[in-house]
Amino acid sequence: SQQGEEDPQALSIQEGENATMNCSYKTSINNLQWYRQNSGRGLVHLILIRSNEREKHSGRLRVTLDTSKKSSSLLITASRAADTASYFCAPSKGGANNLFFGTGTRLTVIP
Amino acid sequence: NAGVTQTPKFQVLKTGQSMTLQCAQDMNHEYMSWYRQDPGMGLRLIHYSVGAGITDQGEVPNGYNVSRSTTEDFPLRLLSAAPSQTSVYFCASSYPTGSGANVLTFGAGSRLTVL
């Protein structure tokens with residue numbers, strides 16, 4: 001499948017610090033998405049980066065994509081307690097293809 | 001605009017019982033899917049549909065049935081519940097973006113316990 005693998009499995013930081021989580025995948029892709037899941041809730045789409053893009057920003061989020069290394073990173077700057085959640089990457093070949101999710105990175109932001 | 005609505009939110013079943021998890025979306029999305037989420041296993045795709053009348057199997061389809069008679073609804077049926085089906089179930093729908101990416105909108109989840 002097109003599943004991504006997030007790393008680390010868990011990350012704990014102080015409020016105000018930056019959080020970086022990584023995603024690796026194995027096959028060629030058209031795009032890669034990041035999703036957030038708050039405890040007990042459904043996943044929420046955060047950002048999409050296409051295979052011809054190297055970096056993308058959205059508010060405090062910065063995503064990079066290195067297709068040669070088959071990896072992506074999600075940086076959350078100036079983290080807040082409300083950023084506490086699990087984060088999942090979803091590499092995709094695009095179109096109506098299914099998305100496959102790994103086990104995510106569980107981020108805890110300590111106030 | 002309610003998005004993706006799942007019912008029930010919580011359900012307890014006995015082994016062997018059957019039930020249906022309901023999923024409805026009001027965004028006119030063609031694509032719908034069901035995932036289950038278990039601790040340490042991430043989300044696993046059960047079944048999906050690319051349009052009314054079309055369904056297909058995902059990674060873990062055994063023990064589940066789906067149908068797609070309308071664009072809006074995509075129910076998931078457990079035929080004979082087993083304790084291994086204790087999980088949190090998520091329904092998702094999407095409409096491809098201009099670049100062809102499949103961006104999913106998820107429901108809030110249905111937590112199922114099978115005793």
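At a glance:
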item	result
Residues of the range A:62-82 that turn out to be touching a Ser or Thr at 6+ places or on another chain (Cβ under 8 Å) and small (Gly, Ala, Ser), as a count	3
Answer residue from the range A:26-46, given it is touching a Lys or Arg at 6+ places or on another chain (Cβ under 6 Å), buried (at least 16 other Cβ atoms within 10 Å of the Cβ) and part of a strand (DSSP E or B) and is nearest to the other protein chains (Cβ to nearest Cβ) among those	A:Asn31
Single unsatisfied condition, B:Pro61 versus (1) within 23 Å of A:Val44 (Cβ to Cβ); (2) modelled with pLDDT of 95 or more	(1)
Some residue of the range A:28-46 being of a type in the set (Val, Ile, Thr), closer than 27 Å to B:Gly51 by Cβ and touching a strand residue (DSSP E or B) at 6+ places or on another chain (Cβ under 8 Å)	yes
Residue check for B:Ala108: within 14 Å of chain A (Cβ to nearest Cβ) and either among the charged types (D, E, K, R) or in a loop (DSSP other than H, G, I, E, B) (or both)	yes
In the range A:70-105, the residues that are of a type in the set (Lys, Arg), away from chain B (no Cβ under 11 Å) and under 26 Å from B:Glu59 (Cβ atoms)	A:Lys70
Filter result (assigned to a strand (DSSP E or B), out of contact with any His (no Cβ under 7 Å at 6 or more places or on another chain) and more than 12 Å from A:Asn98 (Cβ to Cβ)) within the range B:48-71	B:Gly51, B:Ile54, B:Asn65
Test result for B:Val103, within 11 Å of another protein chain (Cβ to nearest Cβ), in contact with a Pro (Cβ under 9 Å, 6 or more places away or on another chain), buried (at least 16 other Cβ atoms within 10 Å of the Cβ) and hydrophobic (A, V, I, L, M, F, W, C)	yes
Subset tally (residues that are β-branched (Val, Ile, Thr), more than 10 Å from chain A (Cβ to nearest Cβ) and closer than 21 Å to B:Gly109 by Cα) for the range B:35-56	2
Wholly enclosed strands (runs of 3 or more DSSP E) of the range A:57-101 bearing at least 1 residues at pLDDT 95 or above, crowded, with 17+ Cβ neighbours inside 10 Å and of a type in the set (Phe, Trp, Tyr)	A:85-92
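The values are calculated or read from the model by the stated rules, or taken from the named source; none is laboratory data. The structure presented is a predicted model; accordingly, all values stated were derived computationally and were not measured. Using ideal geometry, Cβ is built from the backbone for each residue, glycine included, and neighbour counts are taken over all protein chains shown.
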